[in-house]
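Take a look at the structure set out below.
The values are calculated or read from the model by the stated rules, or taken from the named source; none is laboratory data. Since the model is a prediction, treat every value here as computed from it, not as a measurement. Every residue, glycine among them, receives a Cβ derived from its backbone with ideal geometry; neighbour counts consider all protein chains shown. Protein only, heavy atoms only, side chains kept; ligands, DNA and RNA dropped before computing areas. Shrake-Rupley method; radii C 1.70, N 1.55, O 1.52, S 1.80 Å.
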Amino acid sequence: MNLSLVDPFVLAQDCPEVLAGRLRSGHSTSIRFSHRGDLLASGRHDGIIVIFDIETNGVARKLRGHTRQVQSLSWSTNDRYLLSAGQDWKCVLWDLKDGSRVRTVRFEAGIFIAELHPKNHMLFVAALFEDQPVLVDISSDVSVKRALPSAPRRPQIERENASEKQIAQDAKQTSTVTVFSPSGDYIVAGTNKGWLNIIDTETGQVQCSTRLTNNIIVFVRLTPSGRDAVVNSSDRIVRTLHLPDLTDPKLDFETLRVEVEHKFQDVVQRLSWNHVSFSSTGEYVAASTWMNHHIYIWERSQGSLVKILEGTKEELSVIEWHPYRPFVAAVGVDSGRVWLWSILQPQKWSALAPDFVEVEENVEYIEREDEFDIQPIEELHKRRLDQEDEEVDVLTIEPVKATTEFDASEFRMPVLLDIEASDSEDEVVAIGAGQFRRKSPGTGREWMNDDEVVGSGDEARKMAANGATAAQSGTKRRRAG
Amino acid sequence: MDDSPPKRYRSDEDHLEDYPPRKRSASRSTSPSNASPQYTLTERPARRHSRAGDSEDDRKYYRDRRGSRSRSRPKSRSRSISRRRSRSPSSTPPPPKPTELHYQPALILGGHKKGVSAVKISPDGRWIASCSADCTIKIWDAQTGKLEHTLEGHLAGISTISWSPDSKIIASGSDDKSIRLWDITTGQPHPTPFIGHHNYVYSLAFSPKGNMLVSGSYDEAVFLWDVRAARVMRSLPAHSDPVGGVDFVRDGTLIVSCANDGLIRVWDTATGQCLRTLVHENNAPVTSVRFSPNGKYVLAWTLDSCIRLWNYIDGKGKCIKTYQGHMNKKYSLGGAFGTYGPPPYQYAFVASGSEDKSIVLWDVSSKNVLQRLEGHTGAVLAVDTHPTEKIIVSGGLDRTVRVWRYNEDASNQPPVAATNGTET
């Protein structure tokens, strides 16, 4: 509702400019904005996930379940569920309505990234360390893991003439990153040999492969439309690609060629990129730099560098662009803070003084004919009241574009009042220069006990048991229900 | 009004005589008892309630309010519904816009020991909350009028209350300078009060998501609070006189505030910047302000016995309606928007209290007085309307909360006095 009042010049800005603030709760290692953009999930070094409210810059919820650093986060489309992957080789699906764990899935290898299916929050894909990626269905009690191929699909001729060595090499490839297309019908996967595979979610077959580089593909992110992809690889080049419309039923994968649109790199300083992100519309690409304090922002129409965001005194790792605002969040490697960049909105002083107008240059004032006529006050008053004859509609709610708006039927996370008291930073205490110790071993770690229960049994039952033990020990850390 | 009106007497000479000077440091030192308030209730173990269930959005609230006149209602009222339906006019395509309304007294809720300063119906329509100069908040069942809770803990009179969007929490602002949250299932206060204002808290509003609270105070500041952390998120350099009213717009992106300096300011929630200032030429003190249900207009009460509807969007803001016919010289009166008319034809009315002991209902567009509700024996300070049903609730200096129900049987019956009110 504020859009009609905000300065159009401010609204026209679509690229963040200045360091606007920071969020702090523990040592953050990965972040992700919710789809509606009002929440930011931050996975911490100690395995706790913190949900920040972007409107208040406060902590909205804490989720405890991982025992090691959180590697990746993924929101369900309605922002109710959050999937987290940790370095404890687990993926956890969280229900943010009550903060409970819907399901825990263990893996036999480290997880690079885990992404929820856009339409089905009980389905996710995970890229594993030195293993084939898996599509995990957790809709039934026992989670079903299906391995997906990483070997690229080569053209017909190459396939016929393939040497055994090549086949063996292809078989050794593993995927390092997997993401769903916006429709969820396809999975875009990057391999450690620089191939980009498009995998059919239904059949699990590679439909199309493109070799982008000889190096490892580190990260892939698609725009909300799914027609553009940004790829970060270890050869110090950030590539943007045009993808075909994967929802088109007439799409022929045999003739499909994925074209590289831009290659962004810094040839002078030979910078490598920690993490990349698209802007809300895909118009800009932002990347954090390795061993450097800067965020580079390129625009895609010309392929030129438009801005370098600075202000921090530390290297930045994960970078995230807000889903619809010119607002960038990035994680500091050393401090674990989340730094925020936004645009400056200067206060229009004329908004404070209604009888003044801001003019660019002098304007000659032309007096109205009756401006200084003296008229009886009652007359004026009556005339004014008579003029108030328009029909006023104070009820009809005009539909607004679904950016800041959210529907009543959609999920809204409850507001927890004791969230600050439940934690604070007192879990570790400093006992010397650079030395830290946990305050009281075991306190508040009841949630770790059930982590040893292997498999994915009835999580709800475990939750209840866990809640009971927590209540007994007198430290109520999590609100159950 | 002699027995300590819950809202300050706001003409200038009065506040010079009776009230601490506006300097913040001075106002602190004048009342040592208030400087370090001690809350007896904070020591109690506050039981947490579960917040299961999706909370209601206020847009839904208004949508229901508009569309569900004929939809299901609580069973206890089914009898009156059937009667109502049988009387409804049959097949007259565009029924004429009603020129008068027929609300009748239904309940008189007594119990407050001093004047009632605010009444609010919860967003889910189940409860009526009233707050008073006697330092208590009372929660009543909106249907039966049964007293559900008396919330005690403030050290001074309470000027304002606000429901959280999920109807589970009430925020209250008091003359003890603090804001408290109350869990209405247990009746217990939240252990951490919101401390920060240097003077009486006059006005409060929850954001539509319930994560923020805006407060206006006699110390001339408007604070935006992070509800979860109970800390001031942003201070809006608002006014140069005590702030009378604050409100959030429907989607939470705008805040409106008004003050005794006669200014109404519209703020951007996200940046804290003033986007618009509305001022009427004779600068009458503005004591209360409210966004319209669709968020496109602002309704403001001024101490020149006028209520003005402002279009704050177009141009530099324009007063488009002036509602007159009530008396408002001293107290900060409150009111609300309501709807009337046979569904699906919905018209809006403005309801306000008046110092002449009545409640006045105006049609929004024509500015005609639709009804005057008589019954209170003192100035009516607060009026609120039910989100879905045709119920008006009011409170005033006569220490009562009154519930008024719409009488569909038109005007042929003489008004029936309160039948099942819980008199105490």
Point to revise | In Hz, Karplus ³J(HN,Hα) per residue of region B:390-405 (6.51, -1.76, 1.60; θ = phi - 60°; x = Gly, Pro) | key: 8, 10, 10, 10, 9, x, x, 5, 7, 6, 10, 10, 10, 10, 10, 10
Exercise for review: Would you mind computing, in nm to one decimal, how far apart the modelled labels at A:Glu390 and A:Gln13 are, each placed 7 Å from Cα along Cα→Cβ?
Suggested key: 3.2
Point to revise | Nonlocal amide H pairs with B:Gly317, under 5 Å, H built at 1.01 Å | key: none
Review point. Cα centroids of region B:128-166 and region B:340-402: how far apart, whole angstrom?
Key: 20
Practice item. Using only atoms on other chains, find how many Cβ atoms lie within 10 Å of each Cβ of peptide A:345-351 and report the average. Key: 5
**Study point:** Distance histogram in 5 Å bins (all Cα pairs of region A:249-302, percent per bin)
**Key:** 4, 16, 22, 18, 13, 12, 7, 5, 3, 0
**Study point:** Dipole of region A:299-397, positive direction: furthest Cα of A:Leu385, A:Phe327, A:Ser317, with charges on the beta-carbon
**Key:** A:Ser317
Point to revise | Calculated from backbone phi, Karplus (6.51, -1.76, 1.60) coupling profile of region B:98-111 in Hz, x at Gly/Pro | key: x, 9, 8, 10, 10, 7, 10, x, 10, 9, 10, 9, x, x
**Study point:** 5 angstrom amide H check on A:Ala60, placed H, neighbours 5+ away
**Key:** A:Ile51, A:Phe52, A:Asp53
**Study point:** Dimensionless Rg/Rh of region A:162-214 - Kirkwood Rh, Rg from C-alpha atoms
**Key:** 1.01
Revision key, fill the gap. Answer in debye to the nearest 20: the dipole magnitude of region A:16-342 about its Cα centre, from +1 Lys/Arg and -1 Asp/Glu charges placed on Cβ, is 620
Study note, to complete from the structure: Note, region A:207-216: 3J(HN,Hα) by Karplus (6.51, -1.76, 1.60, θ = phi - 60°), whole Hz, Gly/Pro = x, goes 8, 6, 9, 9, 8, 9, 7, 8, 9, 6
Point to revise | Residues whose placed amide H lies under 5 Å from that of B:Leu278, excluding near-sequence neighbours | key: B:Ile264, B:Arg265, B:Val266
Review point. Kirkwood hydrodynamic radius for region A:16-342: how many Å is it when counted over pairs of different Cα atoms?
Key: 20.0
Practice item. Would you rank B:His149, A:His275, A:His45 by solvent-accessible area, highest first, keeping every protein chain in place and using a 1.4 Å probe? Key: A:His45, B:His149, A:His275
Study note, to complete from the structure: Quick calc, A:Lys119 & A:Ser304: beta-carbon distance into FRET formula, R0 25 Å, rounding 0.05, result 0.10
Review point. Roughly speaking, what % of Cα-Cα pairs in region A:299-413 are separated by over 21 Å, rounded to a whole number?
Key: 74
Revision key, fill the gap. Cα-Cα longer than 24 Å, checked against B:Lys209/B:Lys296; A:Lys62/A:Lys145; B:Lys177/B:Lys316; B:Lys138/B:Lys367; B:Lys177/B:Lys330; A:Lys313/A:Lys348, kept in input order, equals A:Lys62/A:Lys145; B:Lys177/B:Lys316; B:Lys138/B:Lys367; A:Lys313/A:Lys348
**Study point:** Heavy atoms of A:His35: accessible area, 1.4 Å probe, square angstrom to 10
**Key:** 100
Check your understanding: How big is region B:104-228 by the Kirkwood estimate over distinct Cα pairs, in Å?
Key -> 14.3
Check your understanding: Say R0 is 35 Å: what FRET efficiency, to the nearest 0.05, do B:Ser235 and A:Lys313 get from their beta-carbon distance?
Key -> 0.75
Practice item. Indicate the gyration tensor shape class of region B:288-389 (rounded, prolate or oblate), computed on the Cα atoms with a ≥ b ≥ c the square roots of the eigenvalues: a/c under 1.5 is rounded; otherwise a/b larger than b/c is prolate and the rest oblate. Key: oblate
Review point. If you take the beta carbon distance between A:Asp373 and B:Tyr345 as r and set R0 to 41 Å, what does 1/(1 + (r/R0)^6) give as a FRET efficiency, to the nearest 0.05?
Key: 0.40
Practice item. Just report the Cα centroid separation between region B:200-234 and region A:149-199, whole Å. Key: 55
